[in-house]
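*Asks:* Before anything else, here's the structure in question.
Every number in this text was worked out from the coordinates using simple rules, so none of it is lab data. Note that the structure is a prediction, hence the values are computed from the model and not measured. FYI the Cβ positions are ideal-geometry reconstructions off the backbone, even for glycines, and counts take in every protein chain you see.
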Amino acid sequence: MPKRTKIAQAKFASYFPVADAIATLFRPHVEVVIHDLSSLKVAYIANSISRRRIGDSSVADQVSEESLAQAVIGPYRKVNKDGRNLRSVTAVIRDADQQPAAMMCINFDVSTLERIRDEVSALAFLPESLEPHAPFFHDNWRQALERLVQEVEREEGIPVKSFNTSLRFALIEKISDSGFLSMRNAPPVVAERVGISRAALYKYLKEIRSRA
């Protein structure tokens, strides 16, 4: 536990366990700093990410009176000396007269989360040129078929099983043009999703080919 000065102990000792608890819970990613507004010094620090120590100059003189009128300042973004991004929030500690006496700043090092975000983004990346319905591997074509049917249902505002002959013909034509029916065992799957028999599906396909 960081060494405490006698002055800091006398003025803000009751807040030190709070700082320690927060820093311990989120170690090693969070530091908690208590700034003494009267001396403009660091009164206490737990899990020093910024490498500051008790007694170092504080940043409290950079805080406006307007900000100190708030109970909580932030969250806001900071950059550590080594370039790591920090997400910070500050609680204003008041004396018996409700005047600002200190600030408890909680600084969260988000560099690890940013690295994870970038790695996940790289893994999940899909080129914009990749067609949503191709290539079809394993059961992917079934998912693509479902997306196509749902898209048409949304456009028409009714479920596919309520389609009239004209709408059903247009849907089957779109399914055929998308290449789904060339997939192995596709006809029974398509027929079931459209709500018709396989025989009826083949009749629609025959008419589609005759119009081509």
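*Asks:* Under 20 Å from the 7 Å Cα→Cβ point of residue 210, by amide nitrogen: which residues of segment 165-193?
*Replies:* Taking a point 7 Å out along Cα→Cβ of residue 210, the residues of segment 165-193 whose backbone N falls under 20 Å are 165-177.
*Asks:* A further question on this structure: Calculate the spin-label point distance for residue 174 paired with residue 59, positioning each point 7 Å from the Cα along the beta-carbon direction, and give it in nanometres.
*Replies:* For residue 59 paired with residue 174, the spin-label model returns 5.4 nm.
*Asks:* So, one more: To the nearest 0.05, how large is the calculated FRET efficiency for residue 150 and residue 117 if R₀ is 35 Å and r is the Cβ-Cβ distance? Don't skip to the end; give the middle numbers.
*Replies:* Working: r = 30 Å, r/R0 = 0.86.
The pair residue 150/residue 117 has a calculated efficiency of 0.70.
*Asks:* Quick one: plug the Kirkwood hydrodynamic radius of the chain (C-alpha pairs) into Stokes-Einstein at 37 °C, 0.692 mPa s, and report D in µm²/s. Walk me through the numbers before you get to the answer.
*Replies:* Details: Rh = 22.8 Å.
D, rounded to a whole number, is 144 µm²/s.
*Asks:* Evaluate the charge dipole of segment 6-112 about its Cα centre and quote only its size in Debye, nearest 20, assuming +1 on the Cβ of each Lys and Arg and -1 on the Cβ of each Asp and Glu.
*Replies:* Computed charge dipole of segment 6-112: roughly 420 debye.
*Asks:* Which angle between 0 and 90 degrees, to the nearest 10, do you get for helix 111-124 versus the longest principal axis of the chain when only C-alpha atoms count?
*Replies:* The helix 111-124 is inclined about 10 degrees to the chain.
*Asks:* Report the normalised scattering of segment 6-112 as log10 I(q)/I(0) at q = 0.17 Å⁻¹, calculated by the Debye formula with identical scatterers on the alpha carbons.
*Replies:* Debye intensities relative to I(0), on a log10 scale: -0.75.
*Asks:* With a sphere of radius 12 Å drawn around the Cβ of residue 50, what net charge do the other residues whose Cβ falls strictly inside it have (Lys, Arg +1; Asp, Glu -1)? Walk me through the intermediate numbers first.
*Replies:* Details: positive: 51, 52, 53, 78, 81, 84; negative: 31, 56, 82, 109.
Charge balance in the 12 Å sphere: +2.
*Asks:* Return the FRET efficiency for the residue pair residue 143, residue 26: r is the Cβ-Cβ distance, R0 is 41 Å, and the value is rounded to the nearest 0.05. Provide the component values of the computation, followed by the final result.
*Replies:* Values: r = 40 Å, r/R0 = 0.97.
Rounded to the nearest 0.05, the efficiency is 0.55.
*Asks:* Going Cα to Cα from residue 78, which aspartates and glutamates come in below 18 Å? Please leave out same-chain ones fewer than 8 positions away.
*Replies:* List returned: 31, 61, 109, 114.
*Asks:* Counting pairs of Cα atoms in segment 140-211, how many percent are more than 18 Å apart?
*Replies:* On the way: 749 of 2556 pairs.
Looking at segment 140-211, the distances longer than 18 Å represent 29 percent of pairs.
*Asks:* So, one more: Projected onto the charge dipole of segment 140-211 (+1 at Lys/Arg Cβ, -1 at Asp/Glu Cβ, origin at the Cα centre), which of 201, 144, 160 gives the Cα projection farthest towards the positive end?
*Replies:* Projecting each Cα onto the dipole axis, the largest value belongs to 201.
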